[in-house]
Amino acid sequence: MSQKSNQAAAGLLVIGLVAAAFHVVGSNPLVTGVLGMAQANREWQAESAKAAYERNYTVICPRYRDAGFATRWASPWMWENSWCADYLDRLPPKEQS
């Protein structure tokens, strides 16, 4: 055999071994279980956060709405509550003094 055909055969062997390793690792129940639980945990946390936002937007978001642009950018409290931007249309109108 020529050197080029030997290199091609070696390359195909390496590709086959890498594909087999990915298949073995990817179909391992421990790996898929860990990845599945990580996904389930992310979804559960997102649902919990959404429920907390729904419960608390009437209390927290008026302060966010009334803050100015500079305060929203400079305050860590505002950064943590930037989710209020999605709830501003659900708030009652701002009271006039």
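The values are calculated or read from the model by the stated rules, or taken from the named source; none is laboratory data. Everything quoted here is computed from the prediction, not taken from an experiment. Positions of Cβ are backbone-derived with ideal geometry, glycine not excepted, and every protein chain shown enters the neighbour counts. For the accessible areas, the whole protein counts, side chains as well, though only heavy atoms, and no ligand, DNA or RNA atoms are used. Shrake-Rupley method; radii C 1.70, N 1.55, O 1.52, S 1.80 Å.
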Contacts under 9 angstrom Cβ, first residue in the stretch 38-59 being in contact (Cβ under 8 Å) with a residue 60 or more places away in the chain, partner in a helix (DSSP H, G or I) and open to solvent by less than 50 Å² (accessible area, probe 1.4 Å), 6 or more apart | none
If you scan the stretch 81-97, which residues turn out to be exposed (fewer than 10 other Cβ atoms within 10 Å of the Cβ) and modelled with pLDDT of 90 or more?
-> 89
Residue 7 more than 25 Å from the chain's Cα centre (by Cα) and open to solvent by 80 Å² or more (accessible area, probe 1.4 Å) = yes
Among the candidates 30, 17, 13, which residue alone is over 30 Å from residue 83 (Cβ atoms), at pLDDT below 85, open to solvent by 100 Å² or more (accessible area, probe 1.4 Å) and not β-branched (Val, Ile, Thr)?
-> 30
Can you pull out the residues in the stretch 46-61 that are of a type outside the set (Val, Ile, Thr) and open to solvent by less than 100 Å² (accessible area, probe 1.4 Å)?
-> 46, 48, 49, 51, 52, 53, 54, 56, 57, 61
Do we have any residue at all in the stretch 69-80 that's among the hydrophobic types (A, V, I, L, M, F, W, C), open to solvent by less than 50 Å² (accessible area, probe 1.4 Å), touching a residue at least 24 places away in the same chain (Cβ under 8 Å) and outside any loop (DSSP other than H, G, I, E, B)?
-> no
